[in-house]
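Working notes, structure below.
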Amino acid sequence: MTPEVKSPVMIYTESTPNPETLKFVTNRMLYKGTADFREEDLAKEWSPLATALYEMPYVKGVYICNNFVTITKEFNYDWQDIMLKTKEFVKKWVEDGSNIINDGFAAAQDALAAENKEKTYSDADAEIVQRIKDLIETYVKPAVEMDGGNIEFVDFSKGIVTVRLQGSCSGCPSSTVTLKSGIEGMLQRMVPEVKEVVAEMG
């Protein structure tokens, strides 16, 4: 029996609507789910890969989802100077089979979200919230993921939907436009009770 030959790790970059953010896409599943490391402390606790990336002077944020890593750089660096080095680093990390995210991260994040989310809605609002969540999951999330980011429903109150933007969407100049013209417009059409969509920074 011949030993199984693993296909080589392929990696390529994709630009995102945020000029400070680049998406590094691989042909491997890195992490099933979303992991947003905007602070080095969170990275040190949960992600060896994000921690190693933070050791580079130009890395400002790391977001890991499915088969890609979205890296946000400090604005005084140019992607042309750092892209190749970063790409090689991520490729080697994946090739070596090094740990990307520690076990237990998803559970810890879920527990944290549950703590913050213990909000009960009236029957009428609960139905609206479910419709909003379904629309975000079905129509908005896949498009946002293609741009190297993520969107999460946070709250619905008095006609205002609050969402959280992660990855390339966080701090992106065009995300406000997307949020207002795209997401807000769609939700207002599909769910008449929605008056406005706002983003929570964090």
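Mean separation of Cα pairs under 8 Å and 6 or more residues apart, divided by the residue count, gives the range 1-141 a relative contact order of 23 percent. Annotation note: GluC sites (Glu not before Pro) in the range 17-62 located in DSSP loop regions with a Cβ neighbour count of at most 14 within 10 Å are Glu39, Glu55. At most 11 other Cβ atoms within 10 Å and a DSSP loop assignment: could you name the trypsin sites (Lys or Arg not before Pro) in the range 1-80 that fit? Listed in order of number, the matching sites are Lys6.
Placing a pseudo-label 7 Å from each Cα along the Cα-to-Cβ vector at Asp96 and Glu196 gives an inter-label distance of 4.9 nm. If R0 is taken as 25 Å, the Cβ-Cβ distance between Asn67 and Leu112 corresponds to a FRET efficiency of 0.50. Rounded, prolate or oblate: which fits the range 73-125, taking a ≥ b ≥ c as square roots of the Cα gyration tensor eigenvalues, rounded meaning a/c under 1.5, else prolate when a/b beats b/c? Judged from the Cα gyration tensor, the range 73-125 comes out oblate (a/c at least 1.5, b/c at or above a/b). When the chain is described by a simple charge dipole with +1 on each Lys and Arg Cβ and -1 on each Asp and Glu Cβ, the residue from Cys65, Met83, Ala106 located farthest towards its positive end is Met83. Taking Cα atoms only, the orientation of helix 105-117 departs from the longest principal axis of the chain by about 20 degrees. Between Lys158 and Asn27, the C-beta separation translates, for a Förster distance of 35 Å, into a calculated FRET efficiency of about 0.15.
As a quick test, which of the pairs Lys44/Lys91; Lys119/Lys195; Lys133/Lys180; Lys60/Lys133 have an alpha carbon distance above 25 angstrom in this structure? Please report the intermediate quantities before stating the final value.
Details: Lys44/Lys91 20 Å; Lys119/Lys195 20 Å; Lys133/Lys180 17 Å; Lys60/Lys133 30 Å.
Going by Cα-Cα distance, Lys60/Lys133 fall outside the 25 Å limit.
Summing Cβ point charges (Lys, Arg +1; Asp, Glu -1) relative to the Cα centre of the range 37-102 gives a dipole of roughly 180 debye. Percent of C-alpha pairs per 10 Å bin in the range 117-157, short distances first: 28, 46, 22, 4.
Among Thr70, Thr86, Thr120, the residue with the largest mean-square fluctuation in a Gaussian network model of the chain, with springs joining Cα atoms closer than 10 Å, is Thr120. Given the alternatives [x] 60, 38, 30; [y] 59, 42, 34; [z] 70, 43, 29, Cα extents along the principal axes in Å as computed for this entry is given by [y].
How large is the helix-only mean residue ellipticity at 222 nm for the chain, computed as the sum of -39500 (n - 2.57) over DSSP H runs with n ≥ 4, divided by its residue count, in deg cm²/dmol to the nearest 500?
After summing the helix terms and dividing by residue count, I get -10000 deg cm²/dmol.
Shown here for the range 87-156: trypsin sites (Lys or Arg not before Pro) in loop regions (DSSP other than H, G, I, E, B) with at most 11 other Cβ atoms within 10 Å, namely Lys119. Normalised by the number of residues in the range 23-97, the mean separation of alpha-carbon contacts (under 8 Å, six or more apart) gives a relative contact order of 34 percent. About its Cα centre, the chain has a charge dipole of approximately 460 debye under the convention of +1 per Lys or Arg Cβ and -1 per Asp or Glu Cβ, with nothing else charged. For the chain, excluding the exposed loop sites themselves (chymotrypsin sites (Phe, Trp or Tyr not before Pro), DSSP loop, at most 14 other Cβ atoms within 10 Å), the longest remaining stretch covers 122-202.
Helix 123-135 and the longest principal axis of the C-alpha atoms of the chain enclose an angle of approximately 40°. From the alpha carbon centroid of the range 123-174 to that of the range 37-107 is 24 Å.
The numbers here are math on the coordinates, done by the rules we state, and not lab data. For clarity, every value in this text was computed on a predicted model and none was experimentally measured. Reconstructed Cβ throughout: ideal geometry from the backbone, glycine too, with neighbour counts over all protein chains shown.
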